[in-house]
1. Can you name the condition, by its number, that Pro93 falls short on among (1) in contact with a strand residue (DSSP E or B) (Cβ under 8 Å, 6 or more places away or on another chain); (2) modelled with pLDDT under 70?
2. For Thr126, work out the one condition from (1) at pLDDT 95 or above; (2) over 25 Å from the mean Cα position of the chain (by Cα); (3) part of a loop (DSSP other than H, G, I, E, B) it doesn't fulfil.
3. Report yes if Val65 is of a type in the set (Val, Ile, Thr) and open to solvent by 50 Å² or more (accessible area, probe 1.4 Å), otherwise no.
4. Which residue pairs have Cβ atoms closer than 6 Å, lie 6 or more positions apart in sequence or on different chains, and pair a first residue in region 10-37 that is surrounded by 16 or more Cβ atoms within 10 Å (Cβ to Cβ) with a second residue that is basic (Lys, Arg)?
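The values are calculated or read from the model by the stated rules, or taken from the named source; none is laboratory data. Just so you know, these numbers come straight off a predicted model, no measurement behind them. Please note: Cβ atoms are built from the backbone with ideal geometry, for glycine as well, and neighbour counts cover all protein chains shown. The area values use the complete protein model at the heavy-atom level, side chains included, leaving out ligands, DNA and RNA. Shrake-Rupley method; radii C 1.70, N 1.55, O 1.52, S 1.80 Å.
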Amino acid sequence: MVVNPLPTATASSNGPVCYGAALNLYASGGVSYSWTGPNGFRSTAQNPSRGPSNYDMMGSYVVTVTDANGCESYANVWVVVNVLPNSTITPVPGDQIFIGQPVTLYAPEAPAGQTYNYIWTTGATTRSIV
């Protein structure tokens, strides 16, 4: 009788991810893989990708790893999908807005510990735009 060791299953992700970003899952330790996750997610890919991500994708993902001998082992990873920050764009205080005339718009300063990327439809990347 031969007793084979269990494979060493590993599972990880690129999480936490921001809402709308791709969620990538990674596994190793075997020759075949079977993933299950929130809302009926199933995949036989070793490293499946889901996206764009939403809050229904948050939770525990479990991978079953099978080695060449048919032995199975399990690993899991918890995935968090972060909320996007609210942002507002307002005219510069005191500006009057007239149809067909330019107006200066600005976005708020980023809170401490956070950064904003300002990308306007004109291609400008500054905090304010005319």
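1. Answer for Pro93: the failing condition is (1).
2. (1)
3. In short, no.
4. Qualifying pairs under 6 Å: Leu23/Arg50.
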